[in-house]
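Since the structure comes first, as structure tokens, the remarks are kept for the end.
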Amino acid sequence: MLTTDSGFTINTLGVKVGAEIIGADLRKHLSAAAFAEIEDTFYRYSVVVIRDQELTTRELVEFSRRFGTLQINVRSKTKTKDADIRIMPDEQEAIYISNVKKDGKFMGSTDAGRYWHSDLCYEQIPSKMTLLHAIEIPEKDGVVYGATKFADVAAAYDALSGTMKNRLEGLVAANSFRHMWQRKADDFGTRMKLGDEELAKLPEDAIHPVVRVHPVTGQKCIYICDGYTNRILGMPEDESDQLLSELFAHMTKREFRYQHEWSLNDLLMWDNCAVQHKANFDYDPSLRRLMQRCTVMGDAIT
Ligand code: OGA
Ligand code: MN
């Protein structure tokens, strides 16, 4: 436990990744020094929850903006027809992640986080961080469901053999929103499979390094993910498939994991270069889960 100059309490929650901040009130404007404490904690622990935040969407957006430019979700930009048309909150820069329906329609994305992934890695300029705020969490008989799992992909990189590290040096891969869409349509039926014309409206695949250097910490991180990466370039397809499967299995091993068990009014922030995440769909669909989310644009990957 640590108490900061601004009076926040910081507790670690995991081995290397995962910490909580208690005693902040994000409805009030934080001083630059107080904000710097939160930012430092974020880069140090990669997955950080600020407890007890009762935030409107506007307040979430305003706090998130202090980290950088917010990204507008691709599905609201492309207006692709799909089974779970989202209703945006008042603010364009936030979306709902939820199984809750309003006027017969899902309020937001119902199937975010089905596969291990890094948010917006399918964009040319991906997201450096995500802020997810728990408005309602699924609970039954005193047990809370719908945890979010994280994998420390910096630790996963460090644990690779020297031979594998050399093999990955300089490799780039395609990260594909289109691939993810069709896979979810096949696997869960919550989205409609798209034809060529509609697929073409979705972002083109983004080519990113298989291993990234973290822009702030300098750590090397594995930056391919099961959810979006469909091809390592410059090698035969079967070799790429095999290498991807090997890496996916490695990076999501238990030893690299941290699991966030939600409490109401948690504001969880994660670093999309240092960790990947996956949602736990372990609850009955009749239990409501309502989250609001912002993503902050990162730097161009060099
Ligand atoms: C996300 C996401 C996981 C969850 O919002 O980007 O993957 O547990 N969410 O809701
Ligand atoms: Mn996500």
Environment charge of ALA300, counting only residues whose C-beta is closer than 12 Å and scoring Lys/Arg +1, Asp/Glu -1: 0
Length-normalised contact order of the chain in % [C-alpha pairs under 8 Å, at least 6 apart]: 31
Aspartates and glutamates whose Cα lies under 14 Å from that of LYS105, excluding same-chain neighbours fewer than 8 positions away: ASP82, ASP84
Theoretical FRET efficiency, 1/(1+(r/R0)^6), r = Cβ-Cβ of THR69 and LYS201, R0 25 Å, to 0.05: 0.60
Selection from VAL48, LEU60, GLY23, by position along the positive dipole direction of the stretch 15-63 (Cβ): VAL48
Virtual spin-label span in nm between ALA33 and GLU139, 7 Å along Cα→Cβ: 3.6
Alpha-carbon centroid distance for the pair the stretch 195-224 / the stretch 163-178, whole angstrom: 10
Cβ-defined net charge surrounding VAL144, 12 Å radius [Lys, Arg +1; Asp, Glu -1]: -4
Efficiency of FRET between MET1 and ASP282 - r from beta-carbon atoms, R0 22 angstrom, step 0.05: 0.10
Gain on full stretching of the segment that runs from LYS193 to GLU246 - 0.36 nm per residue minus C-alpha separation: 16.3 nm
The chain, helix-only ellipticity at 222 nm - DSSP H runs n ≥ 4, -39,500 (n - 2.57), divided by all residues, nearest 500: -6500 deg cm²/dmol
For the stretch 151-302: relative contact order, % (alpha-carbon pairs under 8 angstrom, 6 or more apart): 33
Neighbour net charge for GLU54 - beta-carbon separation under 10 angstrom, K R +1, D E -1: -2
Förster-model FRET efficiency, 22 Å R0, ASN166 and LEU233, C-beta, rounded to 0.05: 0.80
Spatially close lysines, pair count over the stretch 145-247: Cα under 24 Å, gap of eight or more or interchain: 6
The stretch 146-300 - percent of accessible surface contributed by carbon and sulfur, probe 1.4 Å: 47
From phi via Karplus (6.51, -1.76, 1.60), per-residue ³J(HN,Hα) for the stretch 178-184 in Hz, x at Gly/Pro: 5, 4, 4, 4, 5, 5, 5
Å² per residue, accessible surface of the chain at 1.4 Å: 45
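The values are calculated or read from the model by the stated rules, or taken from the named source; none is laboratory data. Please read these numbers as outputs of a predicted model, since none were measured by experiment. Cβ sites come from the backbone with ideal geometry, for glycine too, and all protein chains shown count toward neighbours. Protein only, heavy atoms only, side chains kept; ligands, DNA and RNA dropped before computing areas. Shrake-Rupley method; radii C 1.70, N 1.55, O 1.52, S 1.80 Å.
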